[in-house]
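Comments concern the structure below.
The values are calculated or read from the model by the stated rules, or taken from the named source; none is laboratory data. Everything numeric in this text was worked out from a predicted model, so none of it was measured. As a convention, Cβ positions derive from the backbone with ideal geometry for all residues, glycine included, and neighbour counts pool all protein chains shown. Surface accessibility is based on the protein's heavy atoms, side chains included, excluding ligands, DNA and RNA. Shrake-Rupley method; radii C 1.70, N 1.55, O 1.52, S 1.80 Å.
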Amino acid sequence: MSQPDAQFLADFADALNRHDIDAVMSMMTDDCEFHAVAGPDLLGKTFRGQQEVRAGLRAAWENAPDAQWHDGVHQVVGDRGYSESTYSGTTADGMRSEARMIDAFTFRDGKIAVKNAYRKQRPATPVDNG
């Protein structure tokens, strides 16, 4: 399989923004890992394998149905890659979050084996529907 490049990461980001779980998962290995931005462990909440990662991403999109990652800058160096972007999303209770973030990726066999998310989180603000 070919080595992922910056366009591969841009395509992955596009699939995330479309909330296209099948496209996202097709770009990840069968034994993939996703380390979310928050959770009980040093790496946040870890999801392992296609089924858990799929469920974790779906839960994130359900929590913030308008979740998007903007202004992406993608880099690949060997078997590692990085995507810097601005996350924005609104939860069902009307709280809006926006934060600059980075995903650090590890590649294997032309796919993403590990997606490790980091975010500069600032306090969420209520959406003004006024």
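Here are a few things to note about the model shown:
- Measuring nothing but protein heavy atoms, the accessible surface of the chain at 1.4 Å probe radius is 50 percent carbon and sulfur.
- Calculated FRET efficiency for the pair ASP128/ALA92, C-beta based, R₀ 22 Å, to 0.05: 0.85
- Distance between modelled label sites at ALA10 and TYR82, nm, 7 Å Cα→Cβ extension: 1.9
- For the chain, DSSP calls about 90 percent of its internal beta bridges antiparallel.
- With R₀ set to 22 Å, the beta-carbon distance separating GLN75 from ARG108 gives a calculated FRET efficiency near 0.80.
- Added length on full extension, which subtracts the Cα-Cα distance from 0.36 nm per residue, TYR118 to LYS45: 25.1 nm
- Each of ASP31 and ARG18 was given a label point 7 Å from its Cα along the Cα-to-Cβ line. The distance between the two points is 3.0 nm.
- A cut-off under 14 angstrom between Cβ atoms defines the neighbours of SER88, and their net charge, with Lys, Arg +1 and Asp, Glu -1, is +2.
- In the chain, the longest principal axis of the Cα atoms and the axis of helix 49-63 are about 20 degrees apart.
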